[in-house]
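Novice: One structure is given below, represented as structure tokens, and several questions about it will come after.
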Amino acid sequence: MKLRVTGINHQTAPVKIREKAAVSPEKLPVALANLQNYVPHGIILSTCNRTEIYTVESDAADVKKAGLSFLHEKVGIHEDNLNNYIYQFKEKKVVEHLFRVVSGLESMVLGEYEILGQARFALEKAENCGMANLPLRQLFNCAIGTGRKVRSETGISRNALSVSSVAVDFAADILGDLSNCKMLIIGTGQAGKLVARIAEERGMRDITIASRTQERASQLAGILQGRPVSLEHLHDELQRADIIITCAGAPHWLLGKTAMQNVMQHRHKTPLVIIDIALPRNVEPEVAEIAGIHLYNIDDLNRISDKNRQQREFEILHAENIIRREIEEFSTWWQQFQVRPVVSALMSRAEQIRLNQFNRTLKKLPQLTDEQVESLDAMTRSIVNKILKDPVQYLKTNESSDQIKAVKEIFKLEADSRP
Ligand SMILES: NC(=O)c1ccc[n+]([C@@H]2O[C@H](COP(=O)([O-])OP(=O)(O)OC[C@H]3O[C@@H](n4cnc5c(N)ncnc54)[C@H](OP(=O)(O)O)[C@@H]3O)[C@@H](O)[C@H]2O)c1
């Protein structure tokens, strides 16, 4: 049985490719059902930084290409071209990769907390759809445990940034003092709430919140003493704002070129900064062509996130030491999990032989007392256990498929004694 991950992330693909692979939280159950067409068990981890497919392959099902086929269908570009953007890891590399991802080491914003919740969410959805089997569950639970440990035992997440906070800081880099700027936030999910909180912390007093669900906009605006607005009545707000941060989980553009051209005609050349951190993007890329609009997307935030990474370089080493230890622990579990079926098949075969021989011998012997039968039983058990001790220990420390196969052949074990 082999672990495999196939993925696309912010280091391998630009936003215009990544957004095609992205699976929104709402669509995850449908995407998992789709993945099940390729493989019986799998977990999809999709965030603004990455979409990754974790699978396990057994000898019975050849699912090497499941993740690739899923991404290929989702992104809709030829497999040869897709290969330029994706990565695949197998076995121990998968464990290392996921432990680093959930620890925030592979995030665009180093040490961000959001990935912990996103990994939990991915596991929970896969479990609900019956797609998370024992090895995948164990892999994700250990990764989440490692992510927590890294954050509590290192300074990687001290004063942690997030994509949302980086977006606000990016705006401050462009506009200078934000306190007199008017901000419009589109989206009131996790990302939108964080943008709003950070904007308030940075001294912004004029914040408008827009959301598909009016009630959510009102709730968040209430906390900030901002103004709520529905998506249908955005036009006036688009004219007023100095800066717009878009972070709605919509699968389509919320701000298109024609609408924004119209807005700009009413702004009398007042410039407008738009930072679109949504994935898929909320703003049509051609909006950047409109005079007076400065449009940025999530990939443009690298400048600030790189600085954050440099400041935490030392903590990365510390985190990597913890990850190494945790990988060892997982590997021990994995080894035992791999050999468990063959060990149990070996033990039951030996027990079957012992019992047959034991009963045959009993029939040939004169009537024994219960005590004599018990001591004969204990003696034969002990012989079998002593003979099997070394092969079992060998299996537990050498779990390669060749060795498992050899033991199965030597002892004529059931063909399907695999995990
Ligand atoms: N979470 C993060 O750390 C993070 C960081 C960077 C970027 N992002 C990006 O930000 C976006 C939102 O992420 P999130 O974590 O905040 O998600 P979330 O907590 O699930 O919230 C999703 C938000 O998007 C809105 N929405 C969903 N479908 C919509 C549609 N068809 N039209 C208009 N609005 C819609 C929801 O409105 P309702 O309230 O009406 O459902 C809600 O406000 C995603 O594109 C994500 O990739 C997230």
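Novice: Any chance segment 273-287 includes a residue that's of a type outside the set (Gly, Ala, Ser), under 19 Å from Gly192 (Cβ atoms) and more than 16 Å from the ligand (Cβ to nearest atom)?
Specialist: Checked segment 273-287: at least one residue is of a type outside the set (Gly, Ala, Ser), under 19 Å from Gly192 (Cβ atoms) and more than 16 Å from the ligand (Cβ to nearest atom).
Novice: A further question follows. Among the strands (runs of 3 or more DSSP E) contained in segment 156-264, which hold 2 or more residues that are open to solvent by 10 Å² or more (accessible area, probe 1.4 Å) and within 16 Å of the ligand (Cβ to nearest atom)?
Specialist: 227-230
Novice: Something else now. State which residue is modelled with the highest pLDDT when the search covers only segment 332-354 and only residues that are hydrophobic (A, V, I, L, M, F, W, C) and open to solvent by 70 Å² or more (accessible area, probe 1.4 Å).
Specialist: In this case the residue turns out to be Ile353.
Novice: Among Glu96, Glu127, which is acidic (Asp, Glu), assigned to a helix (DSSP H, G or I) and without any contact (Cβ under 8 Å) to a residue 24 or more places away in the chain?
Specialist: Sole residue among the options that is acidic (Asp, Glu), assigned to a helix (DSSP H, G or I) and without any contact (Cβ under 8 Å) to a residue 24 or more places away in the chain: Glu127.
Novice: Considering only segment 311-321, I want to know if a residue exists there that is in a strand (DSSP E or B) and open to solvent by 40 Å² or more (accessible area, probe 1.4 Å).
Specialist: Scanning segment 311-321, I find no residue that is in a strand (DSSP E or B) and open to solvent by 40 Å² or more (accessible area, probe 1.4 Å), so the answer is no.
Novice: Within segment 143-155, take every residue that is surrounded by fewer than 24 Cβ atoms within 10 Å (Cβ to Cβ) and of a type outside the set (A, V, I, L, M, F, W, C) and give me the one that is farthest from the ligand (Cβ to nearest atom).
Specialist: Taking the candidates together, the pick is Glu153.
Novice: Quick one: how many residues across segment 42-64 are open to solvent by 10 Å² or more (accessible area, probe 1.4 Å) and within 15 Å of the chain's Cα centre (by Cα)?
Specialist: 3
Novice: How many residues, within segment 235-253, are in contact with a strand residue (DSSP E or B) (Cβ under 6 Å, 6 or more places away or on another chain) and either more than 30 Å from Val23 (Cα to Cα) or aliphatic (A, V, I, L, M) (or both)?
Specialist: Matching residues across segment 235-253 total 7.
Novice: Looking only at segment 292-310, filter to residues that are of a type in the set (D, E, K, R) and in contact (Cβ under 8 Å) with a residue 12 or more places away in the chain; which one of those is least open to solvent (accessible area, probe 1.4 Å)?
Specialist: Looking at residues that are of a type in the set (D, E, K, R) and in contact (Cβ under 8 Å) with a residue 12 or more places away in the chain, I get Asp299.
Novice: Taking segment 125-140, which residues are surrounded by fewer than 21 Cβ atoms within 10 Å (Cβ to Cβ) and in contact with a Lys or Arg (Cβ under 9 Å, 6 or more places away or on another chain)?
Specialist: Glu127
The values are calculated or read from the model by the stated rules, or taken from the named source; none is laboratory data. All of these numbers come straight from a predicted model, not from anything done at the bench. Quick reminder, even Gly has a Cβ in these numbers, built from the backbone with ideal geometry, and neighbours come from all protein chains shown. Surface accessibility is based on the protein's heavy atoms, side chains included, excluding ligands, DNA and RNA. Shrake-Rupley method; radii C 1.70, N 1.55, O 1.52, S 1.80 Å.
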